[in-house]
Amino acid sequence: MNELQDKKELLKNLIKKLHQSANPEEIKEKFKEVFKDVGPQEIAKIEEELIKEGMPAEEIHKFCDVHIAMFREGLEKEKTLAPPGHPIHILLEEHKILLKSAEEFNAIVAKIKTEKDSSSTQEQIKKLGQLAERFKDSENHYLREENVLFPYLEKHGITQPPAIMWMEHDQIRAIKKNIYKLLDTRVSMAFQDFATQLSKEAISLAEILSGHFYKENNILFPTALKVINQDEFNEIRRQFDEIGYCCFTPESAKVTTEEMEKSSTKLKVEGMVAFETGSLSREQMEAMFSTLPVEITFIDREDTVRYFSQPKETIFSRTKAIIGRKVQMCHPQKSVHLVNRILEDFKSGKREVAEFWLNLGGKFVYIRYFAVRNQAGEYIGCMEVTQNITNIKKLEREKRLL
């Protein structure tokens, strides 16, 4: 068993002892001594293992606050850093505002509770109603976590922490529902009963949000940042946009997806590239292009050569020296006017495809040029595809078996 596995087993045993009512301070000191370098991702994995070994999720949740107290010092070092526009940044900013709102709500209710009757509380009740509307509008915050972030965590094997957080979301919803009901029915209640019950719910909301947000900020989100790659986060952001935001979500936190991607360029160099229908690594993409029985060259909107594939069998010789060169410089002078005509037709929208075929050294070569456009239909470049179709021309009848 390696050192990391040894530490995992020791940490699991400490948590089990904690569940068996061992002295929390003794457990905490032992943890500080042995597990100085244990991060939030390890905590998530250990909770997964405890669940698999039979510990009820309810028990994990019941003692989660004790875990937090034990791990607090180590977790403080794990600061969640994400740029504006990043899904985690947006959620963190919303946490700040929601927690401040809950604390403000609690403070107003505390003042109301000191009054003898409702005659002097109209302005305060009005403010509570405004804050309650903010709580109602916060539902999008929880939906984005439950329907987008949590599924991505689950794809990476992190299942129990999201389940626990979702359980707490439902508890938050239940408390908020009680608050809305009290505010709606206050005129039919004795003032002191109303104030007492509302105070209880306000305190409960502030306490659960404080603990819940601490767990997400210091365990769930750092874990997400470690296991979810940047291209996946770009897709998460797009899905966040589809669900929508809260009335209080700061505009500064919601920079566009394009700006977010620019700010994360360095993080994406060695990562996956996300497409609408999946994601691929750089190695996979290069291998795919090299395996295709065609030569592909891409020229950008400025007529500059940006890429060419390297299949095993090539028809035209190309070197890396052409990268960054104008495509007109890569053709004989006598054919440059044809190149320009094709590119002009592509840019104007007059043409989408240009194709040629010729005999070349015993090979029948098929050359096609395609206008490449973005989702808005704007011209962003030209792709040349060259293929030896000599054997394809010889095909007859059918072949249904290997």
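The values are calculated or read from the model by the stated rules, or taken from the named source; none is laboratory data. What you see is a predicted model; the values in this text were computed from it and never measured. Here Cβ is always computed from backbone atoms with ideal geometry, including for glycine, and neighbour counts include all displayed protein chains.
The table for this structure:
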| quantity | calculated |
| --- | --- |
| Count of residues meeting criterion [touching a Ser or Thr at 6+ places or on another chain (Cβ under 8 Å) and more than 16 Å from LEU98 (Cβ to Cβ)] in segment 117-161 | 4 |
| Set ALA202, ALA206: member being under 23 Å from GLY129 (Cα atoms), in the same structural domain as VAL148 (by TED's automatic domain parsing) and at pLDDT 90 or above | ALA202 |
| Single residue of segment 116-131 satisfying the filter (touching a Phe, Trp or Tyr at 6+ places or on another chain (Cβ under 6 Å) and either assigned to a helix (DSSP H, G or I) or of a type in the set (Phe, Trp, Tyr) (or both)) that is nearest to ALA195 (Cα to Cα) | SER118 |
| Any hit, segment 327-348, residues being more than 29 Å from ALA287 (Cβ to Cβ) and part of a strand (DSSP E or B) | no |
| Matching residues, segment 164-196, being polar (S, T, N, Q) and under 19 Å from GLU133 (Cα atoms) | GLN171, ASN178, THR185 |
| Unmet requirement for GLY381, which otherwise passes all of (1) among the small types (Gly, Ala, Ser); (2) in a loop (DSSP other than H, G, I, E, B); (3) under 24 Å from GLU283 (Cα atoms) | (2) |
| Scope segment 109-121; condition surrounded by 15 or more Cβ atoms within 10 Å (Cβ to Cβ) and touching a residue at least 24 places away in the same chain (Cβ under 8 Å); matching residues | VAL109, ILE112, LYS113, SER118 |
| Any hit, segment 361-371, residues being farther than 27 Å from ASN391 by Cβ, in a loop (DSSP other than H, G, I, E, B), assigned by TED's automatic domain parsing to the domain that holds ILE315 and under 38 Å from the mean Cα position of the chain (by Cα) | no |
| Residue match in segment 305-321 (condition: free of Cβ contacts under 8 Å to residues at least 12 places away in the same chain, assigned by TED's automatic domain parsing to the domain that holds ARG368, among the small types (Gly, Ala, Ser) and not in a helix (DSSP H, G or I)) | yes |
| Tally of residues being surrounded by fewer than 16 Cβ atoms within 10 Å (Cβ to Cβ) and small (Gly, Ala, Ser) across segment 344-402 | 6 |
| Some residue of segment 274-295 being assigned to a strand (DSSP E or B), modelled with pLDDT of 90 or more and in contact with a Phe, Trp or Tyr (Cβ under 7 Å, 6 or more places away or on another chain) | yes |
| Counted residues, segment 172-193 - those being in contact (Cβ under 8 Å) with a residue 40 or more places away in the chain and more than 20 Å from GLU103 (Cβ to Cβ) | 2 |
